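A.B. asks: Input: one structure, supplied below.
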Amino acid sequence: MSTETDWVYRVEEPHGSEGWRPYGDRPERWQGIVTTDDPDEDAEYVAALVVTDLVSEWDSRGAEQKHVRVIVWQHGEGAGPEDAAFTVEIQPDIDGE
């Protein structure tokens, strides 16, 4: 019995009254599939991997933290966060601390 699970993720950024749009200049870079074979590596684990990658990229470019959300679905991409297995939103520190 296989324990592999495909987790589909997408990173989005707010776009005013239009809602959310794919993140960055290369949105294909911030969507994809992570396959896990450990039951402890769930949707929250996959979101943490993506957030770690985002923060590493921001740090390497000297960029400030962005306002984004990471959406993770099990098996296939859904319509939005309402049918996701896990969603996390990251907001920059408005106090600059």
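The values are calculated or read from the model by the stated rules, or taken from the named source; none is laboratory data. Keep in mind the model is a prediction, meaning the values are calculated, not measured. Here the Cβ is made from the backbone with ideal geometry for all residues, glycine too, and neighbour counts use every protein chain on show. Accessible surface is based on the protein model in full, side chains and every heavy atom, while ligands, DNA and RNA are left aside. Shrake-Rupley method; radii C 1.70, N 1.55, O 1.52, S 1.80 Å.
A.B. asks: Only one of 61, 29 is charged (D, E, K, R) and surrounded by 10 or more Cβ atoms within 10 Å (Cβ to Cβ). Can you tell me which?
C.D. replies: Exactly one of 61, 29 is charged (D, E, K, R) and surrounded by 10 or more Cβ atoms within 10 Å (Cβ to Cβ), namely 29.
A.B. asks: So, one more: Please go through the stretch 68-88 and pick out each residue that is part of a loop (DSSP other than H, G, I, E, B) and either open to solvent by 60 Å² or more (accessible area, probe 1.4 Å) or touching a helix residue (DSSP H, G or I) at 6+ places or on another chain (Cβ under 9 Å) (or both).
C.D. replies: Within the stretch 68-88, 75, 77, 79, 84, 85 qualify.
A.B. asks: Given the criteria loosely packed, with under 10 Cβ neighbours inside 10 Å and closer than 18 Å to residue 84 by Cα, does residue 6 qualify?
C.D. replies: Answer is no for this residue.
A.B. asks: Name every residue in the stretch 1-54 that is in a strand (DSSP E or B) and more than 22 Å from residue 65 (Cβ to Cβ), in order of residue number.
C.D. replies: Hits for the stretch 1-54 are 5, 6, 7, 8, 33, 34, 35, 36.
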